[in-house]
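Student: Submitted below is the structure of interest, expressed as structure tokens.
The values are calculated or read from the model by the stated rules, or taken from the named source; none is laboratory data. Being a predicted model, the structure only gives us computed values, none of them experimental. Please note: Cβ atoms are built from the backbone with ideal geometry, for glycine as well, and neighbour counts cover all protein chains shown.
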Amino acid sequence: MRINILRVPEGHSVVSQEITATQDNAQGLAVDGAVSCTADLDRFQAQIHARVRFSCTLALQCSRCLRPVHQPVRGEFRLVMQEKGRAEERGFLPEEDVDLVFDDASGEADLTPFIFDEILLSVPMKPLCSEECGGMGVTGEPSVTVEYQAGAHPVDPRWEVLKKLRDKTS
Ligand SMILES: [Zn+2]
């Protein structure tokens, strides 16, 4: 999401954009379709306070059966942007309190990395295709039961040699 700082008016404004995940911006996330983003912007001179809301669908894999899972993800976060080097102005924040410092010359602030950071935080640790998912190979496959019975089979004659050796040494 790119915001042209020069076009952000004083006071409140809203910007909506769809962003596409690419190899360099998406932190390895597989996004199904685009990410819808809406930013509420409040500008006070060189400072812009943004509340960004996003929603998208992630293409994940079920942690039990490995089948594809389409996981809707939504969230919001706030960030503070401030124009570089206007320290003489009233209400100017020290740089460590600012999320993004923008340079008026370029006029562009890129919020995309912040959005993908937030999406990454909302990825479930263990995605499931359904709560009832029984895991790999459970559905439609016959179960095999193996029963072992001690002493039911005669000892393989080849083991007899080893048994004799054991008896000798002990
Ligand atoms: Zn599953």
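Student: What tally of residues in region 29-83 results from selecting those that are part of a strand (DSSP E or B) and away from the ligand (no atom under 16 Å from the Cβ)?
Tutor: 37
Student: Is it the case that some residue within region 41-56 is under 27 Å from Leu128 (Cβ atoms) and surrounded by 17 or more Cβ atoms within 10 Å (Cβ to Cβ)? Reasoning before the result, please.
Tutor: So in region 41-56, the residues under 27 Å from Leu128 (Cβ atoms) come out as 53-56.
Then drop every residue that is not surrounded by 17 or more Cβ atoms within 10 Å (Cβ to Cβ), which leaves 54, 56.
The answer is yes; a qualifying residue exists.
Student: Just one of (1) under 19 Å from Gly107 (Cβ atoms); (2) touching a residue at least 40 places away in the same chain (Cβ under 8 Å) trips up Arg64, so point out which.
Tutor: Only one criterion in (1) under 19 Å from Gly107 (Cβ atoms); (2) touching a residue at least 40 places away in the same chain (Cβ under 8 Å) is unmet by Arg64, namely (1).
Student: Answer yes if at least one residue in region 92-99 is at pLDDT 95 or above, aliphatic (A, V, I, L, M) and farther than 30 Å from Met136 by Cβ, and no otherwise.
Tutor: The answer is no; no qualifying residue exists.
Student: Tell me, please, whether a residue that is more than 16 Å from the ligand (Cβ to nearest atom), within 25 Å of Asn4 (Cα to Cα) and not in a loop (DSSP other than H, G, I, E, B) can be found in region 18-26. Spell out how you get there, then give the answer.
Tutor: Filtering region 18-26 down to residues more than 16 Å from the ligand (Cβ to nearest atom) leaves 18-26.
Okay, now just the ones that are also within 25 Å of Asn4 (Cα to Cα), so 18-26.
Adding the requirement that they be not in a loop (DSSP other than H, G, I, E, B) leaves 18-19.
The answer is yes, given that some residue of region 18-26 is more than 16 Å from the ligand (Cβ to nearest atom), within 25 Å of Asn4 (Cα to Cα) and not in a loop (DSSP other than H, G, I, E, B).
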